[in-house]
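The values are calculated or read from the model by the stated rules, or taken from the named source; none is laboratory data. Source: prediction; values computed, not measured. So basically every Cβ, Gly included, is an ideal-geometry build from the backbone, and we count neighbours across all protein chains shown.
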Amino acid sequence: MQNSGTGSYHPTTDHRFTEGGVPSPTIDQVPLEWCFQPGVKLDFRHVPDGEVLKPADLEAAFAKIAHTPKAFEIVLFNTRASAVYGTPAYFEAGCGVGRDATLWLTERGIRVVGTDAFGWDAPFGYVAKRFRETQDPSIIWEGHKAGREIGYYQMEKLHNLEALPPAGFRVACFPIKIKGASAGWVRAVALLED
């Protein structure tokens, strides 16, 4: 058994309403069968801090491990962020997952994802700099906001992802059931197959 560490667990982006005006699910409404599924780890430690992953990046990462994503697999993103956990550098470390890349996953039936970074999106310092340059509000929490279109749950601040193989393990990640909360904590554990 490999302990992937603790992290926070977020349902879709806007914790009030989806794009269709329907209330977003809260953390106590996570379908439990989504929280115990085969896992896949993608290695993005080579991607510079602050970069925003696109669908082509995900396609390349899956091709590299010769794996086709399957509905309900739990996809984990190993950035370089966990290497600096516990230091101020952690908050600006790692790459993020953009809107289109998030939708690429959810369109394939992925409903739970995780990252070792502080958040699913690119570190906010990089996003803020790009926003100052472009004045484009769509780049702010773009990966989060993709959940308005196709709902998913994300885990952040995971640890020990570098110890996992690309596939051949299951992930158990049941969030604490807090009534009506937009997020909760989870003890994510990877169970390695013999």
- Message: Phe44 - would you say it is over 13 Å from the mean Cα position of the chain (by Cα) and of a type in the set (Phe, Trp, Tyr)?
- Response: no
- Log entry, pairs with first residue in region 106-134 being under 22 Å from Leu76 (Cβ atoms) and surrounded by fewer than 17 Cβ atoms within 10 Å (Cβ to Cβ), second being of a type in the set (Val, Ile, Thr) and modelled with pLDDT under 95, beta carbons closer than 7 Å, six or more apart or on different chains, reads Glu107/Ile150
- Message: Condition first: within 13 Å of the chain's Cα centre (by Cα) and of a type in the set (A, V, I, L, M, F, W, C). Now tell me which residues in region 151-194 satisfy that.
- Response: Met155, Leu158, Leu161, Cys173, Ala188
- Item | Qualifying position, being surrounded by 13 or more Cβ atoms within 10 Å (Cβ to Cβ) and either part of a loop (DSSP other than H, G, I, E, B) or touching a Pro at 6+ places or on another chain (Cβ under 8 Å) (or both), among Pro25, Pro38 | Pro25
- Query: What are the residues in region 143-194 that are among the small types (Gly, Ala, Ser), part of a loop (DSSP other than H, G, I, E, B) and in contact with a strand residue (DSSP E or B) (Cβ under 6 Å, 6 or more places away or on another chain), if any?
  - Reply: Ala167, Ala183
